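Peer 1: Right, I'll just put the structure down here and ask away after.
The values are calculated or read from the model by the stated rules, or taken from the named source; none is laboratory data. Given the structure is predicted, the values throughout are model-derived calculations rather than measurements. Note: ideal-geometry Cβ built from the backbone for every residue, glycine included; neighbour counts use all protein chains shown.
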Amino acid sequence: MRYGAFVEVAYGRAALHSDFRIVELLRLGEQPFGFVAEPRSDGHEAVVVLPSTGTSLRWYDDLDVAFVPFGSTGHIGAGYRERYALLQGLEAIASPYVLVGHGLGGALATLHVMASAARNAPLPVEIYTFGSPRVGDAAFVAGYDALGSATWRIANHRDLAQRIPAADYGYEHVAEHVKLDSMGRAPLDHHGTHAMSTYLQLLDPGTSPP
């Protein structure tokens, strides 16, 4: 999965392909949080990468999952709205672009698509999320899906991150998902099931296992 490899660059575990150059480092408050990469020549879109905060779910421990309105399009978790407000550097995005998110970054990528639509800004030409948690309620999901954005929500069945917040709280996932299963292919702890390297290995068995 070509775009998944960009996430490993954000984690410092891979080098950026020579066809691209980083033009903006993103921040989540004071914390480095991904980047914007532009192609060095025609034939590629820019790529915006929103990583997670590692393979820990500690970010979820203090996430406010109470619903707050998202304009007139349903509701989202208050904690996602708070974190998205801290995201800095997205003004550097050049259109067209591909949006890639992992874990919490996948949730913020989903929210970015809807926020862009709400202000009539250009939408990503493609969206790839890996192990993204749920972001909003049924009305929010309906609004997202109605955009018709080319979204690949890739989810490892064993990954706890894609199971939260619980559906019992009224949360739903956007888009149909590409289902993977790491049983027998990676450790069953959260590091193994959520690691970007696990996703890459499941999508391309020729890559190194986690």
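Peer 1: Look at Gly192 and say whether it is over 13 Å from the mean Cα position of the chain (by Cα), at pLDDT below 95, small (Gly, Ala, Ser) and within 21 Å of Leu50 (Cα to Cα).
Peer 2: Values: over 13 Å from the mean Cα position of the chain (by Cα): yes; at pLDDT below 95: yes; small (Gly, Ala, Ser): yes; within 21 Å of Leu50 (Cα to Cα): yes.
Against the criterion (over 13 Å from the mean Cα position of the chain (by Cα), at pLDDT below 95, small (Gly, Ala, Ser) and within 21 Å of Leu50 (Cα to Cα)), Gly192 qualifies.
Peer 1: Same structure again: Within segment 69-92, restricting attention to residues that are assigned to a helix (DSSP H, G or I) and in contact with a helix residue (DSSP H, G or I) (Cβ under 6 Å, 6 or more places away or on another chain), which residue is nearest to Phe35 (Cα to Cα)? Please lay out each step first, then the result.
Peer 2: So the first thing to find is which residues in segment 69-92 are assigned to a helix (DSSP H, G or I), and the list is 78-86, 90-92.
Within this subset, residues satisfying the condition of being in contact with a helix residue (DSSP H, G or I) (Cβ under 6 Å, 6 or more places away or on another chain) are 80, 84.
Numbers: Tyr80: 19, Tyr84: 15 Å.
Checking each candidate, the answer is Tyr84.
Peer 1: Okay, next question. Filter segment 16-35 down to residues that are charged (D, E, K, R), surrounded by fewer than 19 Cβ atoms within 10 Å (Cβ to Cβ) and touching a strand residue (DSSP E or B) at 6+ places or on another chain (Cβ under 7 Å), then give me how many there are. Before the answer, list the steps.
Peer 2: Start the filter on segment 16-35 by keeping residues that are charged (D, E, K, R), which leaves 19, 21, 24, 27, 30.
Then drop every residue that is not surrounded by fewer than 19 Cβ atoms within 10 Å (Cβ to Cβ), which leaves 19, 21, 27, 30.
This time we only want the ones that are touching a strand residue (DSSP E or B) at 6+ places or on another chain (Cβ under 7 Å), so: 19, 21, 27.
Of the residues in segment 16-35, 3 are charged (D, E, K, R), surrounded by fewer than 19 Cβ atoms within 10 Å (Cβ to Cβ) and touching a strand residue (DSSP E or B) at 6+ places or on another chain (Cβ under 7 Å).
Peer 1: On the basis of being acidic (Asp, Glu), closer than 23 Å to Tyr60 by Cα and in a helix (DSSP H, G or I), does Asp168 make the cut?
Peer 2: On the way: acidic (Asp, Glu): yes; closer than 23 Å to Tyr60 by Cα: yes; in a helix (DSSP H, G or I): yes.
In short, yes.
Peer 1: Take the residues in segment 1-15 that are touching a strand residue (DSSP E or B) at 6+ places or on another chain (Cβ under 8 Å) and modelled with pLDDT of 95 or more; name whichever of them is nearest to Ala155 (Cα to Cα).
Peer 2: The residue in question is Val7.
Peer 1: Residues in segment 123-146 that are of a type in the set (Phe, Trp, Tyr) and in a loop (DSSP other than H, G, I, E, B): how many? It would help to see each step written out before you state the result.
Peer 2: Step one: list which residues in segment 123-146 are of a type in the set (Phe, Trp, Tyr), which gives 128, 130, 140, 144.
The next check asks that each one be in a loop (DSSP other than H, G, I, E, B); those that pass are none.
Adding up the residues that qualify gives 0.
Peer 1: I would also like to ask the following. Being out of contact with any Lys or Arg (no Cβ under 8 Å at 6 or more places or on another chain) and surrounded by fewer than 17 Cβ atoms within 10 Å (Cβ to Cβ) is the filter here, so list the residues in segment 167-189 that pass it.
Peer 2: Across segment 167-189, the qualifying residues are Asp168, Tyr169, Gly170, Lys179, Gly184, Pro187, Asp189.
Peer 1: Here are some residues: Ser149, Ser116. Which one is part of a helix (DSSP H, G or I) and touching a Leu at 6+ places or on another chain (Cβ under 7 Å)? Don't jump to the end; show me each part of the working.
Peer 2: Values: Ser149 fails: part of a helix (DSSP H, G or I).
Being part of a helix (DSSP H, G or I) and touching a Leu at 6+ places or on another chain (Cβ under 7 Å) holds for just one of Ser149, Ser116, which is Ser116.
Peer 1: Do we have Ser52 as within 30 Å of Ala138 (Cβ to Cβ) and of a type in the set (S, T, N, Q) here? Working first, answer last.
Peer 2: Values: within 30 Å of Ala138 (Cβ to Cβ): yes; of a type in the set (S, T, N, Q): yes.
So Ser52 passes the test.
Peer 1: Please name all residue pairs, on different chains or six or more residues apart, with Cβ atoms under 6 Å, provided the first residue is in segment 165-186 and is under 11 Å from Gly136 (Cα atoms) and the second residue is of a type in the set (A, V, I, L, M) and surrounded by 16 or more Cβ atoms within 10 Å (Cβ to Cβ).
Peer 2: Pro165/Val65; Glu172/Val141; Val174/Val141
Peer 1: Give the residues of segment 152-162 that are out of contact with any strand residue (DSSP E or B) (no Cβ under 7 Å at 6 or more places or on another chain) and either without any contact (Cβ under 8 Å) to a residue 24 or more places away in the chain or in a loop (DSSP other than H, G, I, E, B) (or both), sorted by residue number.
Peer 2: Step one: of segment 152-162, the residues out of contact with any strand residue (DSSP E or B) (no Cβ under 7 Å at 6 or more places or on another chain) are 158-161.
Arg158, Asp159 - these are the residues of segment 152-162 that are out of contact with any strand residue (DSSP E or B) (no Cβ under 7 Å at 6 or more places or on another chain) and either without any contact (Cβ under 8 Å) to a residue 24 or more places away in the chain or in a loop (DSSP other than H, G, I, E, B) (or both).
Peer 1: Does Ala121 satisfy the condition of being free of Cβ contacts under 8 Å to residues at least 24 places away in the same chain and closer than 18 Å to Ala46 by Cβ?
Peer 2: Working: free of Cβ contacts under 8 Å to residues at least 24 places away in the same chain: yes; closer than 18 Å to Ala46 by Cβ: yes.
Yes, satisfied.
Peer 1: Look at segment 114-136 and say how many of its residues are closer than 22 Å to Ser72 by Cα and surrounded by fewer than 20 Cβ atoms within 10 Å (Cβ to Cβ).
Peer 2: 8
Okay, residues lined up against (1) in contact (Cβ under 8 Å) with a residue 60 or more places away in the chain; (2) part of a loop (DSSP other than H, G, I, E, B); (3) β-branched (Val, Ile, Thr):
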| position | (1), (2), (3) |
| --- | --- |
| Phe6 | yes, no, no |
| Val9 | no, no, yes |
| His17 | no, yes, no |
| Arg21 | no, no, no |
| Glu24 | yes, no, no |
| Asp64 | no, yes, no |
